[in-house]
Amino acid sequence: MSGRPGRLYGIGVGPGDPELLTLKALRLLQSARVVAYPAPETGASFARGIVAQWLDRGQREIAIRFPMRPGPPPEAIYDAAATRLSAVLDEGDDIAFLCQGDPLFYGSFAGIYLRVAPRYPVTVVPGVSSLTACAAAAGLPLAQRDAAIAVIPATLDEETLTRRLAESEVAAVIKIGRHGAKLRRVLDRLGMLDAALYVERATLPNQRIAPFSEIDAADVPYFAMALISRHDTRE
């Protein structure tokens, strides 16, 4: 390393609607010499697609490829990504790392942040999360007064998912995807099915909102969430 190292910016680009990008995120995106983003093993990056209209300014781009299969990505992918980004930072170049939603809310950036932050300067720029985007799209107040809200991944095993939901006043179940049928069974068993609202691809042109009881649980995309409240949200 020679001279000042570059800075890594974890930039939340929001849930999908480009107009939800913050002014700070846009400024840093346009000024960084290098732009990095998570991407599937084949195909385009969703995070990059959100801000595509502001790219193609001669910036170097780095796609960090993650496998789109069940289970967390292998640690080796995060290790390799951190090494690759560190080499750029050592050259003194700043990196804008694009993160769908918010960088530290169930995002791949957290694994990179934990590896890079001990040795390099890192700034996290918050973004509109899927949680608040889905609530806004549905017109559903998440919590008021002393109410507690739980964010529960549908990827949990059925017993744990049942217990977490049974303990919750208000819950947001994320990462539904192929777990839709399991979630429906759990909601039905707990008597919560009629209280569950389904939100798919919030803020995008193909956004869909419906009672969870009306959807085909076998055909649910990854970018879907169920919002469940035991109380009248108008209170």
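Semi-axes of the equivalent ellipsoid for segment 83-127, computed as √(5λ) from the eigenvalues of its C-alpha gyration tensor and ordered from largest down, come to 19, 11, 9 Å.
In the elastic network of the chain, a GNM with C-alpha springs shorter than 10 Å, the most mobile of Met68, Met225, Met192 is Met68.
When N counts the residues of segment 117-224, how does its alpha-carbon radius of gyration compare numerically with 2.2 N^0.38 Å, as a ratio? Intermediate results must be reported in sequence, preceding the final value.
On the way: Rg = 15.3 Å, N = 108, 2.2 N^0.38 = 13.0 Å.
Ratio of Cα Rg to 2.2 N^0.38 Å: 1.17.
On a full-extension model of 0.36 nm per residue, what is the gain between Ala76 and Ala52, subtracting their alpha-carbon distance, rounded to one decimal in nm? Could you put the intermediate results ahead of the total?
Working: separation 24, 0.36 × 24 = 8.64 nm, distance 2.84 nm.
Separation in residues times 0.36 nm, less the Cα-Cα distance, equals 5.8 nm.
Of the peptides 216-222, 105-111, the ranking by mean beta-carbon count within 10 Å, highest at the top, reads 105-111, 216-222.
Along the Cα-to-C-beta direction of Thr22, a point sits 7 Å from the Cα; which residues of segment 120-139 have their amide N less than 12 Å from that point? Flagged as within label range: 123-129.
Between Ala166 and Ala63, the simple label model (points 7 Å from Cα in the Cβ direction) yields a spacing of 4.5 nm. Computed on segment 1-136, the Cα convex hull volume stands at 107 Å³ per residue. Rounded to the nearest 0.05, what FRET efficiency do Ala143 and Gln30 give with R0 = 45 Å and r taken as the Cβ-Cβ distance? Could you check? Taking R0 as 45 Å, the efficiency between Ala143 and Gln30 is 0.80.
Give the carbon-plus-sulfur fraction of the accessible surface of segment 1-126 in %, rounded to a whole number; probe 1.4 Å, heavy atoms of protein chains only. Carbon and sulfur atoms account for 52 percent of the accessible area of segment 1-126. In the full protein context, the chain carries 50 Å² of accessible surface per residue, based on a 1.4 Å probe and ignoring ligands, DNA and RNA.
Give a quick list of trypsin sites (Lys or Arg not before Pro) in segment 1-57 that DSSP marks as loop, anything other than H, G, I, E or B, with at most 12 other Cβ atoms within 10 Å. Show your work: numbers first, answer last.
Details: sites: Arg7, Lys24, Arg27, Arg33, Arg48, Arg57; in loops: Arg7, Arg33, Arg57.
Within segment 1-57, the qualifying trypsin sites (Lys or Arg not before Pro) (loop, at most 12 other Cβ atoms within 10 Å) are Arg57.
Could you state the orientation-averaged shadow area of the convex hull built on the Cα atoms of segment 61-103, in nm² to one decimal? Present the calculation step by step, with values, prior to reporting the outcome.
On the way: hull surface 14.8 nm².
For segment 61-103, averaging the hull's shadow over all directions gives 3.7 nm².
Run the numbers on segment 1-135 and let me know its relative contact order in percent, using alpha-carbon pairs under 8 Å that are six or more apart. Relative CO of segment 1-135 lands at 44 percent. Of the GluC sites (Glu not before Pro) in segment 12-105, the ones in a loop by DSSP (not H, G, I, E or B) with at most 14 other beta carbons within 10 Å are Glu41, Glu91. Structural descriptor for the chain: relative contact order 22 percent, calculated from alpha carbon pairs under 8 angstrom and at least 6 residues apart. Annotation for Ala210 and Arg185: the two label points, set 7 Å from Cα along the Cα-Cβ direction, are 2.2 nm apart.
Under the Kirkwood approximation for Rh and a Cα-based Rg, what ratio Rg/Rh is obtained for the chain?
Details: Rg = 19.1 Å, Rh = 18.9 Å.
My calculation of the ratio gives 1.01.
The values are calculated or read from the model by the stated rules, or taken from the named source; none is laboratory data. These figures come from a predicted structure and were not determined experimentally. Here the Cβ is made from the backbone with ideal geometry for all residues, glycine too, and neighbour counts use every protein chain on show. Calculation scope for accessible area: heavy atoms of the full protein, side chains included, ligands and nucleic acids excluded. Shrake-Rupley method; radii C 1.70, N 1.55, O 1.52, S 1.80 Å.
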